[in-house]
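Structure first, then comments.
Bear in mind that the values in this text are calculations on the coordinates, not laboratory data. Since the model is a prediction, treat every value here as computed from it, not as a measurement. Cβ placement follows ideal geometry from the backbone for every residue including glycine, while neighbour counts extend to all protein chains displayed.
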Amino acid sequence: MLFNSWQYAVFLPVVLALYWALPQKRRWVLLLVASYIFYMSWSAKLMALILTTTATSYAAALLISRAKTQSRKKLWLTLGVGISLAMLFVFKYLNFAVGLCASVLSFLHIPAFVPSLNLLLPVGISFYTFQTLSYVIDVYRGALPAEKHFGIYALYVSFFPQLVAGPIERAVNLLPQFHVEHKPNADEWAHGLRLIAWGLFKKVAIADFIGVYVDAAYNDINACGPMAYVVATALFAVQIYCDFSGYSDVAIGSAKLLGFKLMENFNAPYFARSIKEFWRRWHISLSTWFSDYVYIPLGGSRVSVSRHLANLVITFLLSGLWHGAKLTFVLWGLCHGLLLCLDVFLLPKREKWLKNAPRLKAFIETAVTLVLVVLLWIPFRANSLSDALTIFARLPYALSAPVQGFTVALETLGITSAVLIRIILSFAALAACDAVRRYKGQPFEILARQKSPVRFAVSYALAFCVMLAIFTQPAGTVAEFIYFQF
Amino acid sequence: MKRFFVKFSVFALALLLPFAAYFAYVQAQPASFGKSLMGGAQHKLEVLASTKSPKIVIIGGSGAPYAVISEDVQNALGMPCINLGTTAYLGLEFYFAQLKGNLGDGDIVIIAPEYSMYENGIDYETVWMAAENRASVIKKLPLSYVPNMLTSFSRYAKSKLGALKTDGASPLTYDEQYTAAGYGYWGDITFDRDCILESGYNTQDTRTVTADIVTDEVINQLNAVAAYAGKCGAEVYLTYATFDRLALIDGIDGVNALEARLEAECDIKWLGNLSDGVMDEKYFYNTNNHLNSEGAKVRTAALISDLNEAP
């Protein structure tokens, strides 16, 4: 049941009506049942996995909290974390690991029987596993008490707005919200609805629309010239941002309608002035997760320079692997890690550059960061490592005749003048919204303070664009969210 | 709270109004696909509604009217034979839905799905054309069609308004036979035709058949229509659609596997075997599904024989 599907358009209002009609003490039951129905709409078989993860992490946390000695606590922590990670490894990485071993053996001309495993990747496994891991670790660290109510804990793991693609909520933030009574709040509902509309706009009107042109280039590596890959990569940068942040907005908006507050997952990431800042603004719930549970425990930056650099690379290699069991994601993570290492050395010098021209400095830094981030989307989107390397090798040729190449690229990708105008207009809307967010604050909170006709006009324009995009999309092609594969 | 719901309702109404107005405007325009292939579908549904039981109803894709000669079946079995098959793009569920209220005691429904119909490949713009301006057809459409019908309405509207400018839709494809006038009264193709395929098959439309091509939805639909027909006193049979043997990649094993799966999962009686539908290229007319006159005689004779021997 995708957020951009008709099923969800029916599911959410039904859940909302029942939720607000029920007394507080019964609401968790409804949300848990709804969350499991939501998850089972992909596959009922996969329920066993989420139930196992829920039960093991619940038990591990309880045992940690009841353990009398530190060594016992450590034992339960190791078991709890180990079981969750083992399940994640088997379902997400085993095929990759086996394939990698086979390649190495084949390269060394060592004959070996490599079993072919046909394991289905359970939707959302990376998200809910990380959520359970943070819970168990936080209980071990004493950051929160273990949740005794199994139903509430199961709801924390499976809460449908953020179950399959985040935000990866921390128990400290979400669990207490299940215990307090939420009162209907018209302002929050209006805010939630606007967030859902904005999320759907980004997904349906922008991401799905431009995705077709990105696929045209990336799915046939020999189909296009170098400039087409520049255009397609730039489009992909917007596609993935709109796709994923759109999902997060619908998730946060849906939760708001139920009275819950989920953490922000994106904050104008393409306005970042460094790669470090980009990661404070992109997929915030994952970045902070890696920071809290990998980077800082490794020593963070309060160690020797070489160790600090190693910590950065390790953290981003793992972040790349989290995204998918493919070498392309490993390369993507590695490159981000290396750029962050470079930034460690450049930061003191950067602070001295253009001290008297802060705006020019900000512009240059933002532009350079944007170019680097966009270039690094190439391995992320490429279907294979060799595709990614081929595209990188071709890119310099795009500079030979940029204007002519651009025209040819548009033609090759099938981008007509009308399509180009639509792309430019939607990018402008997106950039304007993010600029407001970067420099003024949350756009919808600013909108909520405006007079009623302004609120109505903006909301109406947004909802109208969403409806128009839905009613003109190709039938039967409700596109999945990119992050579902992770 | 009351204020919020009032404001929300006003907002929702204001939002839906332009879309509803556009929908009403397009629907209020005169039908423009009456002369096209989809006009044939409209005619066939009228014949279905007006023909009393007992009757034979054939459901399939565009190949069905090329495969069965209605008059021969009528003469052999003594009841009218309506060939509903127009195009596979309407989907099996479209045809099944139109049977509702039109089946009676002693009726025989013969389902001959083309391979793509097992995959549930539907073109909703085509469904709009087949159902245009006909409330009786639209209201019978399955619920599962509604979301995609809504999202494909804009394309249908564009085609319809464009067709109106030229005094009705022209034939949808290159050949004039693909019009409403190409069908006889009972919905079959009646004109004489020989093979015009240069290689004996359409080289651009080859396919592989496996047991996996049939979706669970289609299996459920087949079982549902059999149950519904049973309640009406009608009998349902599943049979083969014809396919050019040269266009079948990977041989007949996949076809047999598909039949085995259908037999295991569908509670419907069979007429013939699925592999019988893989016929010699000399029997085909202009596509890998459409039979020529000789092929139609062979297929019709086989169907009559199967029906006479049917349980």
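Computed quantities for the displayed model
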quantity	calculated
Ascending count of other beta-carbon atoms within 10 Å, so fewest first, for A:Glu351, B:Glu263	A:Glu351, B:Glu263
Cα centroid of region A:109-172 to Cα centroid of region A:230-262, whole Å	21 Å
HN-Hα J in Hz across region B:83-100 - Karplus 6.51, -1.76, 1.60, θ = phi - 60°, x for Gly and Pro	9, 7, x, 10, 7, 5, 5, 6, x, 4, 5, 4, 5, 4, 4, 6, 6, 4
Gap separating the Cα centres of region B:263-308 and region A:312-363, nearest whole Å	65 Å
Magnitude of the charge dipole, chain B, Cβ model with Lys/Arg +1 and Asp/Glu -1, debye to 20	2040 debye
Average other protein chain Cβ within 10 Å of Cβ, residues B:149-158	4
Angle in degrees between helix B:37-50 and the longest Cα principal axis of chain B, rounded to the nearest 10	80 degrees
Those aspartates and glutamates that a straight Cα-Cα span of less than 13 Å connects to B:Lys35, excepting residues fewer than 8 apart in one chain	B:Glu132, B:Asp167, B:Glu176
Region A:6-181 shape via C-alpha gyration tensor axes, a/c threshold 1.5	oblate
Stokes-Einstein translational diffusion, region B:29-309 - Kirkwood Rh over all Cα pairs, 0.890 mPa s, 25 °C, in µm²/s	130 µm²/s
Average Cα contact separation per residue, region B:29-309, under 8 Å, 6 or more apart, as relative contact order %	26 percent
Extreme residue, positive dipole direction of region B:185-235, given options B:Ala227, B:Ile213, B:Thr190 (C-beta unit charges)	B:Ala227
Check: region A:14-148 dipole with +1 on Lys, Arg Cβ and -1 on Asp, Glu Cβ, in debye	600 debye
Estimated vicinal HN-Hα couplings, Hz - region B:296-311 in sequence order (Karplus 6.51, -1.76, 1.60; Gly, Pro = x)	4, 5, 4, 5, 5, 4, 5, 5, 4, 4, 5, 5, 5, 8, 5, x
Restricting region A:395-443 to trypsin sites (Lys or Arg not before Pro) in coil, as DSSP defines it, with at most 14 other Cβ within 10 Å	A:Lys440
Cleavage-rule hits (GluC sites (Glu not before Pro)) in region A:131-225: DSSP loop, at most 10 neighbouring Cβ within 10 angstrom	A:Glu181
Listed residues A:Ile37, A:Tyr58, A:Pro111: farthest to the positive end of the dipole of region A:6-181 (Cβ charges)	A:Tyr58
Size-normalised alpha-carbon gyration radius of the protein assembly as shown, reference 2.2 N^0.38 Å	1.10
A:Leu85 paired with B:Thr210, simple spin-label distance in nm, labels 7 Å along Cα-to-beta-carbon	3.7 nm
Charge dipole of region B:1-100 about the Cα centre (unit charges at C-beta), most positive-ward option of B:Phe8, B:Ala31, B:Tyr66	B:Phe8
Equivalent ellipsoid semi-axes, region A:210-344, via Cα gyration tensor eigenvalues times 5, rooted, Å	27, 24, 13
Size of charge dipole - chain A - debye, nearest 20, with Cβ of Lys, Arg +1 and Asp, Glu -1, no other charges	1560 debye
Cross-link partners of B:Lys52 among aspartates and glutamates (Cα-Cα below 13 Å; sequence separation of 8 or more within a chain)	B:Asp105, B:Asp107
Cα-Cα over 32 Å, subset of A:Lys261/B:Lys2; A:Lys68/A:Lys256; A:Lys451/B:Lys139; A:Lys261/A:Lys326	A:Lys68/A:Lys256; A:Lys451/B:Lys139; A:Lys261/A:Lys326
Candidates per chymotrypsin sites (Phe, Trp or Tyr not before Pro) in region A:2-82, loop by DSSP, up to 11 other Cβ within 10 Å	none
Inter-part distance where region A:32-61 and region B:24-67 are each reduced to a Cα centre, Å	48 Å
At q = 0.07, 0.10 Å⁻¹, base-10 log of I(q)/I(0) for region A:187-485 (Debye sum, equal scatterers on each alpha carbon)	-0.29, -0.61
Under the Debye formula (equal points on every Cα, no solvent term), log10 I(q)/I(0) of region A:230-310 at q = 0.21 Å⁻¹	-1.01
Within straight-line cross-link reach of A:Lys349, lysines at Cα separation under 25 Å, skipping those fewer than 8 residues along the same chain	A:Lys276, A:Lys361
